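The values are calculated or read from the model by the stated rules, or taken from the named source; none is laboratory data. Everything quoted here is computed from the prediction, not taken from an experiment. A quick note on method: Cβ atoms are made from the backbone with ideal geometry, for glycine too, and the neighbour counts reach across all protein chains shown. Heads up: the accessible areas ignore ligands, DNA and RNA and are worked out on the full protein's heavy atoms, side chains in. Shrake-Rupley method; radii C 1.70, N 1.55, O 1.52, S 1.80 Å.
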Amino acid sequence: MDILAPLAGTFIYISYPWNSQTFIVTHNVILQVFSTWMCGSLSYAVYNKGFHIESEYYMSDPWIKFLVFCFYLSKYYEYLDTFILYGKGKQPIFLQKYHHIGAAFTWHLAWAYNVDGAVIASLMNSGVHSIMYSYYLCTALKINMNMIKQYITYLQMVQFIIGMYTTYRYYLIETFQNKVITVICGLYTLGNFILFAKFIKDTYMKKIE
């Protein structure tokens, strides 16, 4: 009987219409609404608590830690972005695989060990995602928004730069254990920056040439 669950899951994965209009629209609506709610909730929580760089200053707050936990879980749901590509017969690029798998891994470490930098990262990332999934939603609804596509990518680059600076600031005041996790998160962010820079060069710079 134990083999039935993975077999059923495999069947659903293969047979589900990941490229259906209804699914893609619903998926993007869910992530857009969630990202907007998360950005607003974290912004309000950080504003009320006051901006301060200190170990476990934010993560000691049960509500803020819960928000980070919810955002961490959403990283698994975002895997559906990849399923949608497969459903359309496309092959995800390495950047997307690295971005999604690394996000789930680093957010788990940051949440599990109360790394305060995760709060700032979640706030920034949810803000970018609220814009990004609005773009994906418009695209799914056949609304031409191509003129802003590259600016969303540039916004992600700004996010990575701020993220690396934030990582450095938190590294200086964290415990030894959390310094290690902060370094891991920082290296993941640096990897994102390099891969996105290459993506910009290959996608947008070639058009200019």
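Could you report segment 29-69's accessible area per residue, 1.4 Å probe, as an integer in Å²? Provide the component values of the computation, followed by the final result.
Numbers: 2270 Å² over 41 residues.
About 55 Å² of surface per residue is accessible.
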Most positive-pole-ward Cα, M157, Y188, H100, against dipole of the chain from beta carbon charges: M157
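Taking the Cα centre of segment 30-186 as origin and charging only Cβ (+1 Lys, Arg; -1 Asp, Glu), how large is the dipole, in debye to the nearest 20? Can you show the working numbers first?
Working: 10 positive and 7 negative charges, 113 e Å.
That gives a dipole near 540 debye.
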Measure out, as a whole number of angstrom, how far apart the alpha-carbon centroids of segment 56-102 and segment 148-209 sit. 16 Å
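Calculate for the chain the 222 nm mean residue ellipticity that helices alone would give, adding -39,500 (n - 2.57) per DSSP H run of length 4 or more and normalising by residue count, nearest 500 deg cm²/dmol.
Numbers: 8 runs with 159 residues, N = 209.
So the calculated ellipticity at 222 nm is -26000 deg cm²/dmol.
For segment 71-125, with every protein chain kept in place, what is the accessible area per residue (1.4 Å probe, Å²)? Each step should come with its number before you reach the end.
On the way: 2350 Å² over 55 residues.
Spelled out: the 1.4 Å probe surface of segment 71-125, per residue, equals 43 Å².
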Where labels lie 7 Å past Cα in the beta-carbon direction, separation of K88 and S55 in nm: 4.5 nm
Accessible surface of segment 25-176 [probe 1.4 Å, protein heavy atoms]: carbon and sulfur percent: 69 percent
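Would you work out the charge dipole size for segment 20-87 about its Cα centre, treating the Cβ of every Lys and Arg as +1 and the Cβ of every Asp and Glu as -1, and quote it to the nearest 20 debye?
On the way: 3 positive and 5 negative charges, 21 e Å.
It works out to roughly 100 debye.
Over 24 Å between Cα atoms: which of K65/K198; K97/K149; K49/K97 fall into that group?
On the way: K65/K198 34 Å; K97/K149 20 Å; K49/K97 35 Å.
In this structure, K65/K198; K49/K97 lie more than 24 Å apart at Cα.
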